[in-house]
Amino acid sequence: MTPIRSREGVALVEDAARDRALLAFDFDGTLAPHVEGRRAATMRDSTRALLRMAGILYPCAVFSGGDRADVLPRVARVPLVAVFGNHGAEPEEGAPDPRISRQVQAWAAALRAVLDGAEGVDVEQKAVGISVHYRRTLGRADVQRRLLEVASSLPGARVFGGEAVLNLAPCDLPTKGNALEALAARLGPRTVVFVGDDADEDAFRSCAVTAGIRLGPSTASAARFYLRAQSDVDELLRALVAARSRAACLGERWPQRCGAPKNGGDG
Ligand SMILES: O=P(O)(O)OC[C@H]1O[C@H](O[C@H]2O[C@H](CO)[C@@H](O)[C@H](O)[C@H]2O)[C@H](O)[C@@H](O)[C@@H]1O
């Protein structure tokens, strides 16, 4: 994996700025720093301002693991071409299939039963999936083992982890990678940049993605680049915005507005 602050990383940003590029972002842990109480997750003001500028200059989309209804107010007033919830599994419009809702209900009951009141564990039941957060529990390893054992036996569940979280999604519904492919097929970008974290390998592996940028390096990741820390997402956004502004200046759309006029005229 290559740091985004490298010659190749700079070249990726410059290429994306000159191309028909789609920028796609994971939300929790990527655009917004992780916080203990999941309801408090929010972007820094600087990230929001930069994402707004990026959304004006490029088609941008957000792929959240949470409910779409939960993430929408968190990205309010950011011009986005699409917002996906539940790791790509939630439909962009309309209510989820009631059979899925019943299945999720049954999974939640099975998981709560095995947890048996374990302190600090939060079972987040979502529109089309579940996230069990165990960041605040003392016996993390034991909770993780018990959860994984039950979750893997649940019918129809795709089980995947993140940092101190176990996620369940219906296995026949789209993943972030599938949702990204469908969006790319709709918009026809030539370059797709996906910025995500350790729970986003299916998106990094997607055939739609030209370059994945992961939060933190990992030898097991399909992402080509990495950011050192969540706070570096601002620097990446700033570079994308600056490169696009330069590319627009140098291109055909606004040539007369760029730089000092060579002949001393008023351009
Ligand atoms: O795909 P993402 O947008 O990264 O969503 C992954 C999960 O994010 C949320 O949980 C995580 O973020 C919380 C806020 O920082 C944090 O408290 C929790 O420990 C993290 O696991 C969200 O609540 C889940 O529904 C998402 O699946």
If I go through the range 181-204 residue by residue, how many of them are open to solvent by less than 10 Å² (accessible area, probe 1.4 Å) and either within 10 Å of the chain's Cα centre (by Cα) or over 14 Å from residue 30 (Cβ atoms) (or both)? 7
Filtering the range 166-189 down to residues that are away from the ligand (no atom under 16 Å from the Cβ) and of a type in the set (A, V, I, L, M), which residue is nearest to residue 97 (Cα to Cα)? 182
Testing residue 154 on (1) in contact (Cβ under 8 Å) with a residue 40 or more places away in the chain; (2) in contact with a strand residue (DSSP E or B) (Cβ under 9 Å, 6 or more places away or on another chain); (3) within 29 Å of residue 82 (Cβ to Cβ); (4) open to solvent by less than 60 Å² (accessible area, probe 1.4 Å), one condition comes back false. Which one is that? (3)
Out of the range 205-217, which residues are closer than 19 Å to residue 173 by Cβ, open to solvent by less than 30 Å² (accessible area, probe 1.4 Å) and within 16 Å of the ligand (Cβ to nearest atom)? 206
Which of the residues belonging to the range 14-61 are in a helix (DSSP H, G or I), within 16 Å of the ligand (Cβ to nearest atom) and surrounded by 15 or more Cβ atoms within 10 Å (Cβ to Cβ)? 38, 47, 48, 51
Could we say that residue 158 is within 14 Å of the ligand (Cβ to nearest atom), of a type in the set (Lys, Arg) and not assigned by TED's automatic domain parsing to the domain that holds residue 196 here? yes
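The values are calculated or read from the model by the stated rules, or taken from the named source; none is laboratory data. The shown structure was predicted, so the numbers you read here are calculated from the model rather than taken from an experiment. Using ideal geometry, Cβ is built from the backbone for each residue, glycine included, and neighbour counts are taken over all protein chains shown. The area values use the complete protein model at the heavy-atom level, side chains included, leaving out ligands, DNA and RNA. Shrake-Rupley method; radii C 1.70, N 1.55, O 1.52, S 1.80 Å.
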